[in-house]
Structure formats: C-alpha cells, structure tokens
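Right, one structure below, let's go through it.
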Amino acid sequence: TFTCVWAKGDGTEASPFVISTIAELGELRKAVNAEKHLEGVYFELGNDLDFEGVEFGTIGQIGSEAQKSARWFAGNFDGKNHVIKNLTINTAQRFVALFGQIKNATIKNLGIENSTFRQQGNFYAAGIVSLANNSEISNCFVKNTTVNVKCASGSNGQYAGGIVSQATGTTKIN
C-alpha cells in the first residue's frame, strides 16, 4: 500500500503529485526505497530545488547485493523545466544519480546543475538516472556537474554518464 504525503495533486496524469520542497522529494525517495515502485503514478516538480548544505541519497537504491533489482521507480516524473542544484551524492552503493534505478518509467523536462555524483564501488553513476530499463528520458540536461566512478584495480563494471549511465531494454533517451 501507498500513503500519500504530497499536499497537491492526486497522482494521476491530469493531477500529478506536486513536489515543491526537498522534504517532499525525500518522501518520494523513501517510498521507492521501501520497494513502492509507484507504477503509473505521476509526479511533477513545482519549482527549482537547491540542495546546498543538504544531505540526500539516490531515489531507487539497493540495500544489498541480494536486493539489487528490488528498488526502482516505475512512475512518471515531469521536472516542468525546473532545475535541481547543488546536489551531492557520494556513496559506495551500487547506483548513484538522482534516480538510481528506473523501470518502465518516464523522466522528462528536468535539469541538474552544479552537482556532484560519486560512486565508490565499481558500478554506476550519472546525473539523472543511473540504470534505466524500458524507460523514456526526454528533454533533460546535466550542467556544471561532476560524475565519478571509483575503479578498483582489475574491475570491469564501471558506467558513468551525464544524464544516464546505462540504458537497457527499450529505453529511449531524447
């Protein structure tokens, strides 16, 4: 089950949940990371968000190797041409980006600026989506941002990208 925590909208295409604060984006993160995929649920960003001095983690992150495919976002997120600024995620977890994993999802009209994404364990890092499966990402950008994957000697599993680090299945990036 899913309990609504957003004050505006009802999660439909006609009336998406509106995320206007870092705390509200954090609620989306909590839901997805608790294995609520939010399939078919619509969200939109109500304004720019500035993460200066705020700790935040990836939306759609695994808790352990055994759970690596259990936590992904499967909804629709429209940034409404807003920008997320000064976001820093620095972790050894498998997927590092605003959205760690998405599956059958849509992410559109979103910008990331002046941010840093560091993955310290030989896997995936990007600005918007780390691993996209059968999803669509459109009209998104990453600007003045560092994306870094720490590579261990002899390792072979590193993927880094500006918008997306790895796209699988029928994923489309426009």
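Count of the stretch 26-53 residues, restricted to those that are assigned to a helix (DSSP H, G or I) and either among the small types (G, A, S) or closer than 19 Å to N109 by Cβ (or both), is 3. Looking only at residues of the stretch 79-90 that are in a strand (DSSP E or B) and under 21 Å from N33 (Cβ atoms), we find that the one that is modelled with the lowest pLDDT is N90.
When A23 is tested against the conditions (1) of a type in the set (G, A, S); (2) open to solvent by 40 Å² or more (accessible area, probe 1.4 Å); (3) within 20 Å of K80 (Cβ to Cβ); (4) in a loop (DSSP other than H, G, I, E, B), the lone failure is (4).
Listed here are the residues, each with its yes/no results for (1) touching a Phe, Trp or Tyr at 6+ places or on another chain (Cβ under 6 Å); (2) surrounded by fewer than 14 Cβ atoms within 10 Å (Cβ to Cβ); (3) at pLDDT below 90; (4) under 27 Å from A167 (Cβ atoms).
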| residue | (1), (2), (3), (4) |
| --- | --- |
| W6 | yes, no, yes, no |
| G11 | yes, no, no, yes |
| P16 | yes, no, no, yes |
| E35 | no, yes, yes, yes |
| G40 | no, yes, no, yes |
| N47 | no, yes, no, no |
| R71 | no, no, yes, yes |
| F77 | yes, no, no, yes |
| F95 | yes, no, yes, yes |
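The values are calculated or read from the model by the stated rules, or taken from the named source; none is laboratory data. What you see is a predicted model, and the numbers here were worked out from it, not measured in a lab. Every residue, glycine as well, gets a Cβ built from its backbone with ideal geometry; the counts of neighbours run over all protein chains shown. Surface areas here come from the heavy atoms of the whole protein model, side chains and all, with no ligands, DNA or RNA. Shrake-Rupley method; radii C 1.70, N 1.55, O 1.52, S 1.80 Å.
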